[in-house]
Amino acid sequence: MRLIFMGTPDFATALLKELCARGHEVVAVYSQPPRPAGRGMSEKKSSVHQFAESRGLLMRTPKSLRGAEEQESFRALNADVAVVAAYGLLLPQPILDAPKHGCLNLHGSLLPRWRGAAPIQRAIMAGDKESGVEVMKMDAGLDTGPVALSARTPIGPDMTAGELHDRLAELGAPLMADALDLLAKGELRFTPQSEEGACYAAKIDKAEARIDWRRPAQALHDHVRGLTPFPGAFFEGDLGHGVERVKALRTKVEEGRGAPGTVLDDLGLIACGEGALRLLRVQRAGKGEMGIEEFLRGRKLAKGAVLG
């Protein structure tokens with residue numbers, strides 16, 4: 001089909017690669033504009049942007065799609081359909097209406113649960129046991145359009161957001177490609193969403209990342225894995241070299257009692273509001289991920305210390 005692709009991160013890149021491999025005519029790729037990143041804060045192109053350029057595809061990075069000129073430019077592409085995956089910009093009604101068959105979105109949750117910007121992280125942070133990807137037709141609401149195809153996957157008890165992201169990208173790319181095959185044959189059917197069980201997956205605020213040791217250990221375990229690898233749940237404490245901020249990347253729920261935030265042994269067991277959390281893998285500022293034993297070499301995380 002003649003399509004416009006709209007996406008920004010790795011999740012979307014996997015889909016764009018699949019659509020190119022299936023022989024679709026990608027007449028334009030839309031992605032978020034380059035953003036300052038890294039220590040030097042130099043502008044970095046998105047994953048989708050880089051891949052599109054490597055394939056010689058027409059690349060557009062508008063800051064907004066609200067303007068009449070931008071909307072006319074989009075309409076003039078005369079696409080059969082627009083395929084959207086984690087794009088990050090609001091699509092006004094003229095954009096939704098421009099392609100012959102409208103705009104299809106690949107969404108990383110089992111709708112109507114976790115509509116919104118961060119469905120993968122929110123599912124894990126809430127302790128959900130299952131997730132999935134769905135192909136839906138976009139409408140004026142926030143992820144409220146009718147659904148055509150779904151693929152489900154379990155969420156393991158220790159699965160991180162990064163791992164679920166990769167699994168959903170693996171499931172989602174062929175799912176959307178199959179949807180386009182059905183659409184081309186006039187056989188793609190949509191079912192309206194139920195409003196029962198609908199909830200909103202708000203964008204992750206970095207202020208949420210601080211670990212509150214007053215919460216139950218299981219809730220904190222889910223919090224940690226839902227924020228791994230980014231932005232990373234963190235705690236602070238004086239570890240022998242002044243107060244440090246440390247990201248917790250892998251944890252384990254264990255038995256233990258004490259005032260919340262108290263170190264219960266010499267191998268990273270921390271008391272929570274209910275139970276205790278064992279630190280397994282962590283990351284210091286400016287350093288790579290490491291196991292707790294490596295981290296503790298030359299640092300003081302002694303029994304009785306209190307973390308913030």
Here the residues within region 253-303 that are touching a residue at least 60 places away in the same chain (Cβ under 8 Å) and surrounded by fewer than 19 Cβ atoms within 10 Å (Cβ to Cβ) are Gly273, Arg299, Lys300
Among (1) farther than 22 Å from Ala76 by Cα; (2) touching a residue at least 12 places away in the same chain (Cβ under 8 Å), which single condition is Glu43 missing? (2)
Residues that are polar (S, T, N, Q) and in contact with a strand residue (DSSP E or B) (Cβ under 8 Å, 6 or more places away or on another chain), drawn from region 47-72: Thr61
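One line per residue, one yes/no per condition, for (1) open to solvent by 10 Å² or more (accessible area, probe 1.4 Å); (2) of a type in the set (Ser, Thr, Tyr); (3) more than 25 Å from His24 (Cα to Cα):
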site: Phe74; (1), (2), (3): no, no, no
site: Ala118; (1), (2), (3): no, no, yes
site: Gly127; (1), (2), (3): yes, no, yes
site: His165; (1), (2), (3): yes, no, no
site: Asp181; (1), (2), (3): yes, no, no
Exactly one condition in (1) out of contact with any Pro (no Cβ under 7 Å at 6 or more places or on another chain); (2) open to solvent by 10 Å² or more (accessible area, probe 1.4 Å); (3) in contact (Cβ under 8 Å) with a residue 12 or more places away in the chain is not met by Arg35; state its number. (3)
Residues satisfying the stated conditions in region 98-145, i.e. out of contact with any strand residue (DSSP E or B) (no Cβ under 8 Å at 6 or more places or on another chain), free of Cβ contacts under 8 Å to residues at least 40 places away in the same chain and under 25 Å from Pro157 (Cβ atoms): Asp128
Set Gln71, Gln50: member being of a type in the set (S, T, N, Q), within 23 Å of Ala161 (Cβ to Cβ) and in a helix (DSSP H, G or I): Gln50
Would you mind telling me which numbered condition in (1) assigned to a helix (DSSP H, G or I); (2) hydrophobic (A, V, I, L, M, F, W, C); (3) in contact with a helix residue (DSSP H, G or I) (Cβ under 9 Å, 6 or more places away or on another chain) Ala82 fails? (1)
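Restricting the search to region 87-115, which residues are open to solvent by 50 Å² or more (accessible area, probe 1.4 Å) and assigned to a loop (DSSP other than H, G, I, E, B)?
Correct list: Gly88, Leu90, Lys100, His101, Arg113.
The values are calculated or read from the model by the stated rules, or taken from the named source; none is laboratory data. Every value quoted in this text rests on a predicted model; they were computed, and no experiment measured them. So basically every Cβ, Gly included, is an ideal-geometry build from the backbone, and we count neighbours across all protein chains shown. Just the protein is used for accessible areas: all its heavy atoms, side chains included, with ligands, DNA and RNA removed. Shrake-Rupley method; radii C 1.70, N 1.55, O 1.52, S 1.80 Å.
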